[in-house]
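Reviewing the structure listed below.
The values are calculated or read from the model by the stated rules, or taken from the named source; none is laboratory data. None of the values given here were measured: they were computed from a predicted structure. Cβ coordinates were reconstructed from backbone atoms using ideal geometry, including for glycine residues, and neighbour counts include every protein chain displayed. Keep in mind that these areas ignore ligands, DNA and RNA; they rest on the heavy atoms of the full protein, side chains included. Shrake-Rupley method; radii C 1.70, N 1.55, O 1.52, S 1.80 Å.
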Amino acid sequence: MGASDYAAVLKSFHVESPWTSTAALSARIGASATDPQSELEAFAQERHRAAHDSTHQVSNLSIGLAIDRLVTFSITLDSFASVGAAALRRADAAFLGDKDWTTSVIGVRRVKQRAADWAEYTENGTTAFRVGSDRHTVTMAAAQRCSDQDVLVVTDSTGQIIDWSVPAVG
């Protein structure tokens, strides 16, 4: 998927400024993309060279960066598309009447690994909403509290994203 395709898909789900919105959402979920359009274009060029130029050397560093970029673009696309698709299925009048609706409604809920347990946080929360020793139990409880517009992000103790979902869509 090229940068123009990515932007077109987001616009179809009522994300009027795809690059600004992707940068903002990625920062909110902890997978920052400061210039997502340039990053996606560079990623596509690197992938093309690796696939079609037998002399192109792929470094371990570029593989690690590729994984981070894939996660960032996957989470943001999935979040915008899932929330937008759910609103479309509900025939939500606010969604249908506002070409930038999806950008403004996505919320973030987090489950973070801590030293001895897992903790659930609201987007701006600094105090754990719920704590438990089992990741699955804490994550499932957090998913039940998510609104129709929330993305649930699970991170390890270093802040690395290990899972995400938009629970309203399944």
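The Kirkwood radius of the chain, taken over pairs of alpha-carbon atoms, gives through the Stokes-Einstein law at 37 °C and 0.692 mPa s a diffusion coefficient of 192 µm² s⁻¹.
Contact order, relative form, for the chain: 20 percent (alpha carbon pairs under 8 Å, 6 or more residues apart, mean separation divided by residue count). Peptides 51-59, 110-118, 123-131, ordered by how many other C-beta atoms sit within 10 Å of their residues on average, highest first, read 110-118, 123-131, 51-59. Dipole magnitude for the chain: about 340 debye, using +1 per Lys or Arg Cβ and -1 per Asp or Glu Cβ, origin at the Cα centre. Extension gain, Ser59 to Asp163: 0.36 nm times the residue separation minus the Cα-Cα distance gives 34.9 nm.
By per-residue mean of other Cβ atoms within 10 Å, what is the highest-first order of 156-162, 133-139?
On the way: 156-162: 12.0, 133-139: 14.3.
In descending order of packing, they fall as 133-139, 156-162.
Given +1 at the Cβ of Lys and Arg, -1 at the Cβ of Asp and Glu and no other charges, the dipole of the stretch 36-118 around its Cα centre is 340 debye to the nearest 20. Expressed as a whole percent, the accessible area of the stretch 64-170 that falls on carbon and sulfur atoms is 51 (1.4 Å probe). The residues of the chain expose, per residue, 53 Å² of accessible area to a 1.4 Å probe.
Could you give the distance between the Cα centres of the stretch 118-144 and the stretch 23-69, to the whole Å? After rounding, the separation between the Cα centres reads 31 Å. Take every Cα pair under 8 Å whose residues are at least 6 apart in sequence, average their separation, divide by the length of the stretch 10-87, and the relative contact order is 40 percent.
The GNM of the chain, with springs linking C-alpha atoms under 10 angstrom apart, assigns the highest mean-square fluctuation among Ser21, Ser74, Ser32 to Ser74. Accessible surface of Lys99, taken over heavy atoms with a 1.4 Å probe and every protein chain present, rounds to 140 Å².
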